[in-house]
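First up is the structure itself, then whatever we jot down about it.
The values are calculated or read from the model by the stated rules, or taken from the named source; none is laboratory data. Everything numeric here is computed off the predicted structure, so don't read it as measured data. Note: ideal-geometry Cβ built from the backbone for every residue, glycine included; neighbour counts use all protein chains shown. Accessible surface is based on the protein model in full, side chains and every heavy atom, while ligands, DNA and RNA are left aside. Shrake-Rupley method; radii C 1.70, N 1.55, O 1.52, S 1.80 Å.
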Amino acid sequence: MKRKAPPSKTALAAKKARPEVPDYHLTPSTRGEAGEIVWPAPKDQMDTARDFILECAKGNKRILIVPDKDADGLTSGVIVYCTLRALGLPEDLISVHHVQRANSIFSDSERAAMASKNPSFIIVLDQGSRPSPPLIPQPHQTLIIDHHYAPTSASFPLEAVFCTANASPPVATSSLLTYILCTALHPSLRDRCAALCVIGTHGDLGNSIKWEAPFPDMTATFKQYTRKALNDAVALVNAPRRTAAYNVHAAWDALLSFSDSGSLTELLQNKDLLAARSAVSAEVERCTHSAPKFSADGRIAVLRIASQAQVHGVIATRWAGHLKSEKLEVVMVANEGYSEGKVHFSCRAVRGKKGVDIIALLEEYANASDEPGKDGEERGTLRARLGENFAQGHVQASGGIVKAEEFEELMRHMRVGEKVGKKPGEKTSPKKGGKKGDVGERQKNTLTNYFSKSNG
């Protein structure tokens, strides 16, 4: 029996080739009028944020910290907490508010909960932002520290001051921005909060980023703690907010304890975090095998799941690293089981695909066409009905929360799962094997094709 010839080097290279992704820290920076690098945020915004924090510490009034629920947001919040304590603010004047499951800081229930704390100062971290009335009705001052997409200075609550990294590439995470802001305010914070900064930053940017300029030097941190331990901490801290139980306070408490003790081992052995991670892993495994369907233009792959856990983002990230084709830009995972009557969805740019703007793509689909209402009723545009929680986040990691009816209309407009050659609204012919271009021709955007194509 003849032996098969070994595969050629060209064939092996084609099989193993993966899209080249440039190092994140090498993203070209914005420069100011004098040629200086604008990083991690505009200087005037950073000065304002530091002055605000100093005023909080000196004012001896109630402070409310409102961090997002993930590793980046929680570590940002703990860094601010440590800063206020280092600057002498009594512990009993600092409160923390965790936004409830499936809510945002802009919902009425969250506004009421924040107002009940009666704060004089509010510091919001990593929550994203939008134009809105002041967060609470009583007199107060608000600082927003963030890195999510915010197109204009009007993209924030009225009367709030803000410091955002979103327009200063390479875009810093909220924890990295907060770390750089706060370490200038007290000498003890650089070493005390460095690991918190790494955990938060790895939580958003992944563990393969290089801590090179303009990022701060974290050599001492990686000597004190192994990368594996820090990355394991990311997974544990992120776990509670993904569970149906949503015990985010457990992650906050663990990080706050770590900031005092410096013992990462204690955090890694935290029973509540370990139980949450186990629950999330099981739910991801249950849901991740849903087969994607593709939009008629081939630009988006959509997976549908039903889970009370917030696992749609994890699954979107996984699939975005595997699916590839010449046209495919985005993987969307839509979770129909997270809250009643709504669809929570996460989108991720396909790995290695350059120039993808998920927010712009979603807006394009939402604004392109509207279905008529029943009996000619006036329903407003689809984009208007999708609401303010549609297409939020970052240009390469976006998502939203929308009513189920509007989400299904969006899917119909994107023609997800339709056969190639079929016109919108046209019934499918029962005839199989038609000529190319016939309505009966099978959709070419199939799962097999997207795994087999080598061009990413």
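Scanning the stretch 134-145 for residues that are touching a strand residue (DSSP E or B) at 6+ places or on another chain (Cβ under 7 Å), in a loop (DSSP other than H, G, I, E, B) and open to solvent by 10 Å² or more (accessible area, probe 1.4 Å) gives Pro134, His140. Take the conditions (1) more than 21 Å from the chain's Cα centre (by Cα); (2) under 23 Å from Tyr81 (Cα atoms); (3) open to solvent by less than 30 Å² (accessible area, probe 1.4 Å); Leu256 misses just one of them, which is (3). If only residues of the stretch 89-120 that are in contact with a Lys or Arg (Cβ under 8 Å, 6 or more places away or on another chain) and among the small types (Gly, Ala, Ser) are counted, the one that is farthest from Arg277 (Cα to Cα) is Ser120.
Matching residues to (1) out of contact with any Gly (no Cβ under 9 Å at 6 or more places or on another chain); (2) surrounded by fewer than 21 Cβ atoms within 10 Å (Cβ to Cβ); (3) at pLDDT below 95:
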position	(1), (2), (3)
Ala150	no, yes, yes
Ser155	yes, yes, yes
Glu159	yes, yes, yes
Leu177	yes, no, no
Pro187	yes, yes, no
Arg190	yes, yes, no
Cys193	yes, no, no
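Name the residues in the stretch 290-313 that are more than 22 Å from the chain's Cα centre (by Cα), open to solvent by 30 Å² or more (accessible area, probe 1.4 Å) and not hydrophobic (A, V, I, L, M, F, W, C), would you?
Lys293, Asp297
Take the conditions at pLDDT 90 or above, exposed (fewer than 10 other Cβ atoms within 10 Å of the Cβ) and either in contact with a helix residue (DSSP H, G or I) (Cβ under 8 Å, 6 or more places away or on another chain) or over 30 Å from Val350 (Cβ atoms) (or both) and apply them to Gly77. Does it pass? When the stated conditions are applied, Gly77 does not pass them.
Taking the condition over 20 Å from Ala165 (Cα atoms), modelled with pLDDT under 90 and in contact with a Gly (Cβ under 9 Å, 6 or more places away or on another chain), does Arg3 pass? So that I can check it myself, show each step before the final result.
Details: over 20 Å from Ala165 (Cα atoms): yes; modelled with pLDDT under 90: yes; in contact with a Gly (Cβ under 9 Å, 6 or more places away or on another chain): no.
When the stated conditions are applied, Arg3 does not pass them.
Considering the conditions (1) over 24 Å from Leu230 (Cβ atoms); (2) open to solvent by less than 10 Å² (accessible area, probe 1.4 Å); (3) assigned to a helix (DSSP H, G or I), Glu285 is excluded by exactly one of them, (2). Going through the stretch 45-66 one residue at a time, which ones are farther than 22 Å from His98 by Cβ, open to solvent by 30 Å² or more (accessible area, probe 1.4 Å) and either hydrophobic (A, V, I, L, M, F, W, C) or not in a helix (DSSP H, G or I) (or both)? Result: Leu54, Asn60.
Answer yes or no as to whether Phe162 is touching a residue at least 40 places away in the same chain (Cβ under 8 Å) and touching a Phe, Trp or Tyr at 6+ places or on another chain (Cβ under 6 Å). Before the answer, list the steps.
Details: touching a residue at least 40 places away in the same chain (Cβ under 8 Å): yes; touching a Phe, Trp or Tyr at 6+ places or on another chain (Cβ under 6 Å): yes.
When the stated conditions are applied, Phe162 passes them.
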